[in-house]
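As structure tokens, the structure follows; a few thoughts come after it.
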Amino acid sequence: GISNTMIMAVMERRKETAMLKALGFSRKTIITQFVIEGTITGIIGALLGALIAVIVIIPLSKYGIDFTSLFSTDMDIGYRIPLIMRPGFYWQSFIVIPLLAVILSALSAFFPVYKSGKEQIADLFRRA
């Protein structure tokens, strides 16, 4: 989802890339602009995702989801499965996963603009 959104956002803006090249911006400047934009988008998405996850997981880890109305006793399929299921709550996940999401969004913004940065201005306008 993240990479698809970022790649499409960059690919849809080929005309903007061509215009910046025509105005004399260097390839490095254009790439930097798009990567910063992708990183900021990733940071906002990661923070919102982490906030929603905390709002959902904290009550679920305390109360769980009660499946007792569906089954009369604990299920036994070689090991016991409790009827009230609770998610694991690991703080490390709230650091690693958003960080990886930000890195992925920055890379997803980098590769298409890097590719279009190699093309001639006329080709970019023609295919935009």
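Residue by residue, what Karplus-based ³J(HN,Hα) values in Hz, rounded to whole numbers, does region 34-47 have, using 6.51, -1.76 and 1.60 with θ = phi - 60° and x for Gly and Pro?
For region 34-47, the Karplus curve yields 5, 5, 5, 4, x, 5, 5, 4, x, 5, 4, x, 5, 5 Hz.
Let's see if you can work this out: charge +1 on each Lys and Arg Cβ, -1 on each Asp and Glu Cβ, no other charges. What is the dipole magnitude of the chain about its Cα centre, in debye to the nearest 20?
Numbers: 13 positive and 8 negative charges, 147 e Å.
Result for the chain is approximately 700 debye, rounded to the nearest 20.
Under a 1.4 angstrom probe, counting protein chains only, how are 119, 12, 37 ranked by accessible area, largest first? It would help to have the intermediate numbers written out before the result.
Working: 119 35, 12 140, 37 65 Å².
I get 12, 37, 119, largest accessible area first.
Hey, how much of the P(r) for region 1-51 falls beyond 18 Å, as a percent of Cα pairs? Can you show the working numbers first?
Numbers: 485 of 1275 pairs.
When every Cα pair of region 1-51 is considered, 38 percent fall beyond 18 Å.
Given a cut-off of under 8 Å on Cα pairs at least six residues apart, what relative contact order in percent is computed for region 31-128? Intermediate results must be reported in sequence, preceding the final value.
Values: 75 pairs, mean separation 42.6, N = 98.
Computed value for region 31-128: 43 percent relative contact order.
What ³J(HN,Hα) values, in whole Hz, does the Karplus curve 6.51 cos²θ - 1.76 cosθ + 1.60 give for region 16-23 when θ = phi - 60°, with x put for Gly and Pro?
Coupling constants for region 16-23: 5, 4, 5, 5, 5, 5, 5, 7 Hz.
Out of the total accessible area of the chain (probe 1.4 Å, heavy atoms of protein only), what percent is carbon and sulfur? It would help to have the intermediate numbers written out before the result.
Values: 6130 of 8810 Å².
The nonpolar share, carbon plus sulfur, comes to 70 percent.
Which option, (1) 1.25; (2) 1.13; (3) 1.64, is the value of Cα Rg over 2.2 N^0.38 Å that was calculated from these coordinates?
(3)
Only helical DSSP H runs with n ≥ 4 go in: add -39500 (n - 2.57) per run for the chain, normalise by residue count and round the 222 nm mean residue ellipticity to 500 deg cm²/dmol. Before the final figure, lay out the partial values.
Details: 5 runs with 88 residues, N = 128.
That comes out to -23000 deg cm²/dmol.
Rounded to the nearest 10 Å², what accessible area does residue 47 have for a 1.4 Å probe in the complete protein model?
120 Å²
What does the accessible area per residue of the chain come to in Å², with a 1.4 Å probe and no ligands, DNA or RNA counted? Could the numbers behind the result be given before it?
On the way: 8810 Å² over 128 residues.
Solvent-accessible surface per residue comes out at 69 Å².
What does the convex hull of the alpha-carbon atoms of region 84-128 project to on average, in nm²? Display every interim value, and only then the final one.
Details: hull surface 20.8 nm².
Approximately 5.2 nm², given one-decimal rounding.
Enumerate by residue number the chymotrypsin sites (Phe, Trp or Tyr not before Pro) in region 1-110 meeting two conditions: DSSP loop (anything except H, G, I, E, B), and at most 12 other Cβ atoms within 10 Å of the site's Cβ.
Numbers: sites: 25, 34, 63, 67, 71, 79, 89, 90, 91, 94, 110; in loops: 25, 67, 71, 79, 89, 90, 91.
Sites meeting the loop and neighbour criteria: 71, 79, 90, 91.
The values are calculated or read from the model by the stated rules, or taken from the named source; none is laboratory data. Remember, predicted model here, so these are calculated numbers, not experimental data. When we count neighbours, we look across all protein chains shown, and the Cβ atoms used for this are built from the backbone with ideal geometry, even at glycine. Heavy atoms of the whole protein, side chains included, go into the accessibility calculation; ligands, DNA and RNA do not. Shrake-Rupley method; radii C 1.70, N 1.55, O 1.52, S 1.80 Å.
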